[in-house]
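Shown next, in structure tokens, is the structure this report addresses.
The values are calculated or read from the model by the stated rules, or taken from the named source; none is laboratory data. Because the structure is predicted, anything quoted here is derived from the model rather than measured. Glycine gets a Cβ as well: all are built from the backbone with ideal geometry, and neighbour counts include every protein chain shown. Calculation scope for accessible area: heavy atoms of the full protein, side chains included, ligands and nucleic acids excluded. Shrake-Rupley method; radii C 1.70, N 1.55, O 1.52, S 1.80 Å.
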Amino acid sequence: MQLARNHIADHNQAMLGSHERQMQYLRGEIANTDQIISKLAAFQVAIPSWALGTGGTRFGRFSGGGEPRNLEEKIEDIGLLHSLNCSSGAISLHIPWDIPTDAAAIRQLAAQHGIRFDAMNSNTFQDQPGQEASYKFGSLQHVSKAVRKQAIQHNIEVIQHGVELGSESLTVWLADGSCFPGQLNFRQAFQNVYESLQEIYAALPSNWKLFVEYKAFEPNFYSTTVGDWGQSYLYASKLGPKAHTLVDLGHHHPNVNIEQIVALLLMEGKLGGFHFNDSKYGDDDLTVGSIKPYQLYLIFRELVDGMDAKGLDHATGLGWMIDASHNVKDPLEDLLQSVEAIMIAYAQALLCDAKALESAREANDVVAAQELLQSAYRTDVRALVAAARLRNGGALDPLKLYRSAAVRQQLIKERGNKSTATGL
């Protein structure tokens, strides 16, 4: 299921008058609209292969039909998203869920859709069919050297798959930890993970990065071996210049100041990338910007400020990826909403007057600082985001076009009402 270019053109033509009126107003209010639009047009967010199907919970999963049944269909779905918003030009694969049978053919298919391969993701948080040793009590931390070796080898194989596809980074997320006091020797578990990561790090190609992801809890609830940004930062610092911390917005306890974490990791040159989602309580994996949009904006404000201070390109300096999965939405609609929320927060961060904000800070003018931040946040920048899509050949309103074209209904016709995405 792919949308013909004339469908997008017809959609845009019908909305162009309203869009131009909005842009005329914004150009009168904002001095650097063209610069902001150019930055938005260059910004791309990777789509995870596992987010294309209904996610579910520990209690159940309710598939919506028309879900991609293999890696080829996943790439086609992301190609569809990218044709609509022109901001979803990458896919992040999870191995072994998405091992390509023919890497060259998969790479060619992705190129046809304008899709590159972002970070590869390993999986040692569940046992796979035919696996010799179990990860029930951990993987890279396990007391058994044989289990650790198996997990290390899996990560090295993921790197090899990534090299074939043109990826340049590996994300390691560990479920390792303990559920009860006394179950684990904390120091030994940390050392086991470090030594395991050293072997994985040594297998990285020269142009690759290693992202060490952290999570406060779940599936282990007493301790997590890489439980917060400090532990991830410690690993990344000890491993070397190719190792970085990856921040998942849901991997924190409620009310943690994530924007401060971002600022400090950027300052130290150890922020590698993001998994975007939203949450009310924990790792809810909800649609980006659906619960705490102001926090998302404040995070982007620190990202823009910190990347500019480091001279990093906004589009390529860090890894940008969505990590959302749930039961009640059409997954493609959810991803369209998530990318839109990310682009809006980024546009608002670009809009904020950084020099005036710094002057207010230097004068200890707390009121002025708040007004500057909130003025940018309260500005409706959706027309700027739409203008960037229009410049790239996308739809002015991707979600509206997706629904009017009855895309999900077409996918159900092609794949069936009972199709379930592979991997999850």
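Restricting to DSSP H runs of at least four residues, report the calculated mean residue ellipticity at 222 nm for the chain, -39500 (n - 2.57) per run over all residues, nearest 500 deg cm²/dmol. Intermediate values should be presented prior to the final figure.
Details: 15 runs with 206 residues, N = 424.
Calculated from helices alone, the mean residue ellipticity at 222 nm is -15500 deg cm²/dmol.
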**Message:** Need one value: the accessible area of residue 209 in square angstrom, 1.4 angstrom probe, rounded to the nearest 10.
**Reply:** 70
**Prompt:** What Rg and what Dmax come out for region 254-374 when only alpha-carbon atoms are used, in angstroms?
**Reply:** 15.1, 49
**Prompt:** For the chain, what is the relative contact order in percent, using Cα pairs closer than 8 Å and at least 6 residues apart in sequence?
**Reply:** 23
**Item:** Rough spin-label spacing in nm, given labels placed 7 Å along Cα→Cβ, for residue 417 and residue 101
**Value:** 2.9
**Message:** Net charge around residue 72, counting only other residues with Cβ within less than 14 Å of its Cβ (Lys, Arg = +1; Asp, Glu = -1)?
**Reply:** -3
**Request:** Answer with one residue from 129, 96, 57: the one whose Cα lies farthest towards the positive end of the charge dipole of region 43-136, charges on Cβ with Lys, Arg +1 and Asp, Glu -1.
**Result:** 57
**Prompt:** Once fully extended, how much extra length lies between residue 237 and residue 7, figured as 0.36 nm per residue of separation less the alpha-carbon to alpha-carbon distance?
**Reply:** 77.8 nm
**Candidate residues 403, 69, 415: accessible-area rank, largest first, probe 1.4 Å** = 403, 69, 415
**Residue (of 339, 105, 160) at the positive-pole extreme of the chain, dipole from beta-carbon charges** = 105
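Hey, what's the Kirkwood Rh for region 192-238 if you take every pair of different alpha carbons, in angstrom?
Values: mean 1/r = 0.0861 Å⁻¹.
Every distinct Cα pair counted, the radius reaches 11.6 Å.
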**Request:** First measure r as the distance between the Cβ atoms of residue 260 and residue 291, then evaluate 1/(1 + (r/R0)^6) with R0 = 22 Å and state the FRET efficiency to the nearest 0.05.
**Result:** 0.70
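Which value, to two decimals, describes the C-alpha radius of gyration of region 122-191 once divided by 2.2 N^0.38 Å?
Values: Rg = 13.3 Å, N = 70, 2.2 N^0.38 = 11.1 Å.
It is 1.20.
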**Request:** Name the long-range amide H neighbours of residue 243: under 5 Å, sequence gap of 5 or more, or other chain; modelled H, no Pro or chain starts.
**Result:** 210
**Request:** Could you state, as a whole-number percent, how many of the C-alpha pairs of region 186-303 are farther apart than 17 Å?
**Result:** 57
**Request:** For residue 410, put the label point 7 Å out on the Cα→Cβ axis and report which residues of region 1-30 keep their amide N under 15 Å from it.
**Result:** 1-12
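Could you size up the charge dipole of region 102-204 around its Cα centre, putting +1 on the beta carbon of Lys and Arg and -1 on that of Asp and Glu, and report it in debye to the nearest 20? Write out the running numbers ahead of the final one.
Details: 7 positive and 10 negative charges, 55 e Å.
For region 102-204, the charge dipole is close to 260 debye.
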**Request:** Would you rank 221, 211 by solvent-accessible area, highest first, keeping every protein chain in place and using a 1.4 Å probe?
**Result:** 221, 211
**Asked** GNM on the chain, C-alpha springs below 10 Å: top fluctuator among 107, 58, 301?
**Response** 58
**Item:** region 254-305: relative contact order in percent, alpha carbon pairs under 8 Å with at least 6 residues between
**Value:** 40
**Prompt:** Counting only the heavy atoms of the protein chains, how much of residue 321 is accessible to a 1.4 Å probe, in Å² to the nearest 10?
**Reply:** 10
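Using unit Cβ charges (K, R positive; D, E negative) and no other charged atoms, how large, in debye to the nearest 20, is the dipole of region 203-333 about its Cα centre?
Values: 10 positive and 17 negative charges, 85 e Å.
Dipole size: approximately 400 debye.
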**Item:** Charged-residue dipole, Cβ positions (Lys, Arg, Asp, Glu), the chain about Cα centre, Debye nearest 20
**Value:** 420
**Complete:** Other residues with Cβ under 12 Å from the Cβ of residue 238 give, with Lys and Arg +1 and Asp and Glu -1, a net charge of 0
**Request:** Please identify every one of the trypsin sites (Lys or Arg not before Pro) in region 126-161 that sits in a loop by DSSP and has no more than 15 other beta carbons within 10 Å of its own beta carbon.
**Result:** 136
**Request:** Report, largest value first, the span of the C-alpha coordinates of region 47-102 along each principal axis, in whole Å.
**Result:** 35, 27, 17
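Out of region 276-314, which chymotrypsin sites (Phe, Trp or Tyr not before Pro) are coil in DSSP terms and have no more than 14 other C-beta atoms within 10 Å?
Details: sites: 276, 281, 294, 297, 300; in loops: 281.
Within region 276-314, the qualifying chymotrypsin sites (Phe, Trp or Tyr not before Pro) (loop, at most 14 other Cβ atoms within 10 Å) are 281.
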**Message:** Give me the one-decimal nm value for the distance between modelled label points at residue 188 and residue 27, 7 Å along each residue's Cα-to-Cβ direction.
**Reply:** 6.9
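Round to a whole number: what % of the accessible area of region 19-73 belongs to carbon and sulfur, probe 1.4 Å?
Details: 1340 of 2750 Å².
The value for region 19-73 is 49 percent carbon and sulfur by accessible area.
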**Item:** Selected from 36, 203, 70, residue furthest toward positive end of dipole (the chain; charges at beta carbon)
**Value:** 70
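Averaging over all projection directions, find the projected area of the Cα convex hull of region 1-117 and quote it in nm² with one decimal place.
On the way: hull surface 40.9 nm².
Reported value for the Cα convex hull: 10.2 nm².
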**Request:** Taking the convex hull of the Cα atoms, report for region 45-190 its projected area averaged over all directions, in nm².
**Result:** 10.4
**Prompt:** What is the extension gain from residue 328 to residue 126, computed as 0.36 nm multiplied by their sequence separation minus the C-alpha to C-alpha distance, in nm to one decimal?
**Reply:** 70.3 nm
**Item:** Mean-position separation - Cα centroids, region 181-245 and region 329-365, in angstrom
**Value:** 30
**Request:** Determine, at each q value in 0.24, 0.31 (inverse angstroms), the log₁₀ of I(q)/I(0) that the Debye formula gives when each Cα of region 22-73 is one equal point scatterer.
**Result:** -0.96, -1.16
